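The values are calculated or read from the model by the stated rules, or taken from the named source; none is laboratory data. Quantities reported herein were computed from a predicted structural model and do not represent experimental measurements. All Cβ positions, glycine included, derive from the backbone under ideal geometry; neighbour counts span all protein chains shown.
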Amino acid sequence: MASLTSLPCEALEETFHQLDQHQTLALAPLHSKFCYIGIPKLYRNIYVYTPWPLNDVMKQNDPKSTFHIPKNLNNCKSKKYSIISSDTLERYLARMDRTREIYHLELHGHNMTIIDCIFRHFKKIKYFELVALYLSSELPDYIGLIKQYLDIYHHSTVYISPKSQDYSDNLILFRVGDWHKPDDLESLDRSKNLTELIVHVCFNRNYRHFRFSKKLHVLQIHYEFEPETMNYTLCDVFDTSCLRELSIKGDINVKTLFSSSDLEENFPKLVQLCLRFAGEMYAPSALQDLKLFKHDKLRSLVVSSRTCLECDARAVCDLCPQFPNSSINWWSEPPNCYCMLLSHNIRVLSPDLPFGVVGYHFYDLSRIALTDFEHTVTDCFAKEVKVNLKRWYTRAELYTIYNSSDHYSGGRREF
């Protein structure tokens with residue numbers, strides 16, 4: 001009988017690509033081939049986050065209680081990145097191999113002590129990205145401090161800021177805003193390394209008059225203000241043939257956004273799709289409209305809506321046969337949420353769920369409770385399947401997730 005150890009290295013590497021860090025850690029010590037493939041995977045992409053203090057408006061907070069990302073998420077992020085809390089990193093950093101090459105290190109927050117320890121310890125970090133930054137008048141210029149650290153310790157490390165940065169051909173990720181002119185977009189399109197693009201839209205739509213020929217892997221589009229609608233075909237502006245992750249927040253006309261009901265035609269490599277429906281013109285019917293589309297290979301579908309009525313729940317459940325290989329997670333879309341960080345957080349925190357189970361992540365108990373909701377759908381084999389909504393996080397955890405993603409949370413400003 002064939003065993004894992006008898007597989008060629010290419011097949012074994014593909015197997016490890018489907019494992020998260022905890023599964024990889026369990027397998028790596030069992031055989032030299034597992035160790036050879038597993039250890040570099042653990043170091044290649046690292047995501048460090050600061051645990052959030054649990055926040056529940058209904059009861060007195062426990063100062064010792066914090067929210068950590070669950071170890072059993074097993075989602076797109078956890079399969080690609082080693083997810084480590086800052087307190088765990090502090091305990092184990094000295095035991096980590098400082099000579100290992102880190103391709104991409106993401107830091108959620110601005111803990112300068114952690115940043116200092118990371119830069120002192122690891123010798124090879126290709127890309128360092130600060131995902132979120134809390135700003136107030138009392139805090140120093142953390143972006144400037146990080147640049148100073150890089151000048152001292154890591155001359156070759158490329159820094160990816162949470163704010164807009166100057167264009168560089170070394171960047172793999174760039175943020176496009178209203179302040180960019182068509183000439184700037186042409187420079188981006190000629191970039192050798194660019195694979196991720198984040199588009200902030202307020203009022204200026206220069207990017208829509210430019211055809212991006214760059215084969216992006218990740219595309220995020222964020223409409224800052226709700227009166228602005230997204231009513232154009234994405235493939236008319238971007239080359240989506242190599243796109244793996246797509247995230248859009250705004251008043252989205254789904255029927256116009258996608259030119260074909262079979263999304264595989266224009267998005268053959270898409271793994272994760274995140275759609276935050278916010279607005280008054282198209283968003284109220286967006287969940288119903290999304291049922292008209294399908295993608296047989298998509299692995300993660302994340303949607304958010306303002307309402308969670310029974311008709312909304314039925315529409316979300318009806319997505320299961322349309323996206324049969326995808327985990328489906330349904331989040332609440334807060335009113336007047338202008339921060340892109342919520343999109344990041346719900347993608348990272350959406351668990352991998354089996355067919356017939358939809359993640360239900362609404363924390364406001366004053367709304368209609370749908371935890372016992374059940375809806376019958378017909379799968380691709382013409383069999384009836386009962387779909388259930390499943391709560392993954394407690395009310396306090398959900399309140400913390402949304403509160404930490406609020407643009408004006410606790411008097412702090414978060415990018």
task = Can you run down the residue pairs with Cβ atoms below 8 Å, 6 or more apart or on separate chains, where the first is in the range 73-98 and within 19 Å of residue 35 (Cβ to Cβ) and the partner is among the polar types (S, T, N, Q) and in a helix (DSSP H, G or I)?
result = 82/21
request  = Identify all residues within the range 16-42 that are closer than 18 Å to residue 100 by Cβ, surrounded by fewer than 18 Cβ atoms within 10 Å (Cβ to Cβ) and polar (S, T, N, Q); write none if there are none.
outcome  = 32
request  = State whether the residues of the range 230-253 include one that is under 24 Å from residue 175 (Cα atoms), of a type in the set (Ser, Thr, Tyr), in contact with a Gly (Cβ under 9 Å, 6 or more places away or on another chain) and modelled with pLDDT under 95.
outcome  = no
message = I'm told residue 225 meets every condition in (1) closer than 18 Å to residue 304 by Cα; (2) of a type outside the set (Gly, Ala, Ser); (3) surrounded by 20 or more Cβ atoms within 10 Å (Cβ to Cβ) except one. Can you identify the failing condition by its number?
response = (3)
message = Every residue in the range 80-113 that is aromatic (Phe, Trp, Tyr), under 20 Å from the mean Cα position of the chain (by Cα) and not in a strand (DSSP E or B), please.
response = 81
task = Might you let me know whether the range 337-353 holds any residue that is farther than 27 Å from residue 52 by Cα, among the hydrophobic types (A, V, I, L, M, F, W, C), out of contact with any helix residue (DSSP H, G or I) (no Cβ under 8 Å at 6 or more places or on another chain) and at pLDDT 95 or above?
result = no
query = For the range 218-263, what are the residues that are under 16 Å from the mean Cα position of the chain (by Cα) and assigned to a loop (DSSP other than H, G, I, E, B)?
reply = 243, 244
key: Criterion (in contact with a Gly (Cβ under 6 Å, 6 or more places away or on another chain) and among the hydrophobic types (A, V, I, L, M, F, W, C)) met by exactly one of 11, 28   = 28
task = Go through (1) more than 18 Å from residue 357 (Cα to Cα); (2) crowded, with 17+ Cβ neighbours inside 10 Å; (3) out of contact with any strand residue (DSSP E or B) (no Cβ under 6 Å at 6 or more places or on another chain) one by one and return the number of the condition residue 283 breaks.
result = (3)
message = Which condition from (1) of a type in the set (Gly, Ala, Ser); (2) touching a strand residue (DSSP E or B) at 6+ places or on another chain (Cβ under 8 Å); (3) closer than 29 Å to residue 191 by Cα is the one that residue 305 breaks?
response = (3)
inquiry  = Any residue at all in the range 239-254 that's surrounded by fewer than 21 Cβ atoms within 10 Å (Cβ to Cβ), over 23 Å from residue 189 (Cα atoms) and either in contact (Cβ under 8 Å) with a residue 12 or more places away in the chain or touching a helix residue (DSSP H, G or I) at 6+ places or on another chain (Cβ under 9 Å) (or both)?
reply    = yes
inquiry  = Filter the range 114-153 down to the residues that are surrounded by 14 or more Cβ atoms within 10 Å (Cβ to Cβ), at pLDDT below 70 and not in a helix (DSSP H, G or I) and list them by number.
reply    = 133, 134, 135
query = How about the range 335-355: which of its residues are farther than 20 Å from residue 78 by Cβ and buried (at least 19 other Cβ atoms within 10 Å of the Cβ)?
reply = 337, 339, 340
Whichever residue in the range 291-310 is modelled with pLDDT of 95 or more and out of contact with any Asp or Glu (no Cβ under 7 Å at 6 or more places or on another chain) and, among such residues, is nearest to residue 279 (Cα to Cα) = 303
task = May I ask you to list the residues in the range 101-113 that are surrounded by fewer than 19 Cβ atoms within 10 Å (Cβ to Cβ) and either touching a strand residue (DSSP E or B) at 6+ places or on another chain (Cβ under 7 Å) or hydroxyl-bearing (Ser, Thr, Tyr) (or both)?
result = 101, 103, 113
inquiry  = Out of the residues in the range 360-393 meeting the condition of being at pLDDT 90 or above and under 30 Å from residue 108 (Cα atoms), tell me which one is surrounded by the most Cβ atoms within 10 Å (Cβ to Cβ).
reply    = 361
remark   = Within the range 192-209, restricting to residues that are more than 16 Å from residue 234 (Cβ to Cβ) and modelled with pLDDT under 80, the one that is surrounded by the most Cβ atoms within 10 Å (Cβ to Cβ) is 206
